[in-house]
């Protein structure tokens, strides 16, 4: 038995792709020209991830505008003044606001998956945005002629399709990005919004068989953008017991940047179920210092004190560049950190006799 280890998703885009995105915005290249650059970056990302020894790859989200907004390409009726996500350093990200129905994805994650699968023989995981995040597109004051209940029903259908297409296309697993979980407790300390998020996500997850849910995981973190976070100050203890109520087979947990990882692991041990594999974060993407394999090893060994080996995995705390314009972490640093995670996990497996 080995200890599985996986990248969360995004890898910083190379400079030529960043320049291409700026050129597209300025109108000096067209979408076809940008697509050439995306394909080049994707091929390089797949090759370099494989060279780190990663047993499971992702596409590095090279073609996504962000981890959250890829479904919004197309003809949706959107305004720019949607929900604002504040980060600890003062910068913000703003979602668009839906102004009319129906709600349909303009792009599905399987389009990214198929390109990645064509470039490697290794297993590929596909991250998708959780439906709970996209529920934030609907305005609090409603939309005339388009009730919230209708929107949520259509959102659930589209989210199911997004996941199912990836499973059917051959994804090793599908990872729901649920960074809004911890943030919800900052916006609503009563937990009501979190309960709604859990309920919506389970509405979608319950449409899959037990065998399919074993290939579906959930990632949570306190955000990670421009070297800042949005909810690290929210007590993990408020999220984790509810998180494990999600009907998923795997959980990818930010842990390396937690001030008291043992306390978190105790909560995980108490509230996670025996059929849930726990991937613990052993790499902090925001820290500019590259972790050593030995440091990763020691973090894994601590986690192994709380979780049985057959349920333990490792990951990064968060994606390295979940928004396409994020250049706060270099591409070289990201690959070095990933290699340290892979090597450190192998060292821990040797110690544990895995």
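Here 282, 290, 300 are screened, and the one residue that is touching a helix residue (DSSP H, G or I) at 6+ places or on another chain (Cβ under 6 Å), closer than 21 Å to residue 7 by Cβ and part of a helix (DSSP H, G or I) is 300. Looking at 48, 73 in this structure, which one is at pLDDT 95 or above, farther than 11 Å from residue 120 by Cα and surrounded by fewer than 23 Cβ atoms within 10 Å (Cβ to Cβ)? Within the list 48, 73, the selection yields 48.
Among the residues of segment 309-338, those that are in a helix (DSSP H, G or I) and surrounded by fewer than 20 Cβ atoms within 10 Å (Cβ to Cβ) comprise 309, 310, 311, 332, 333, 336.
Screening residue 140 against (1) touching a helix residue (DSSP H, G or I) at 6+ places or on another chain (Cβ under 8 Å); (2) free of Cβ contacts under 8 Å to residues at least 12 places away in the same chain; (3) closer than 29 Å to residue 222 by Cβ leaves a single unmet condition, (1). Could you say whether any residue in segment 212-234 is in contact with a strand residue (DSSP E or B) (Cβ under 6 Å, 6 or more places away or on another chain) and farther than 28 Å from residue 86 by Cα? Yes, because at least one residue in segment 212-234 is in contact with a strand residue (DSSP E or B) (Cβ under 6 Å, 6 or more places away or on another chain) and farther than 28 Å from residue 86 by Cα.
If you go through segment 104-127 and keep only what is crowded, with 24+ Cβ neighbours inside 10 Å and out of contact with any strand residue (DSSP E or B) (no Cβ under 6 Å at 6 or more places or on another chain), you end up with just 112.
The values are calculated or read from the model by the stated rules, or taken from the named source; none is laboratory data. These numbers were taken from a predicted model, which means no experiment stands behind them. Methodologically, a virtual Cβ is constructed for each residue, glycine included, from the backbone with ideal geometry; neighbour enumeration extends over all protein chains shown.
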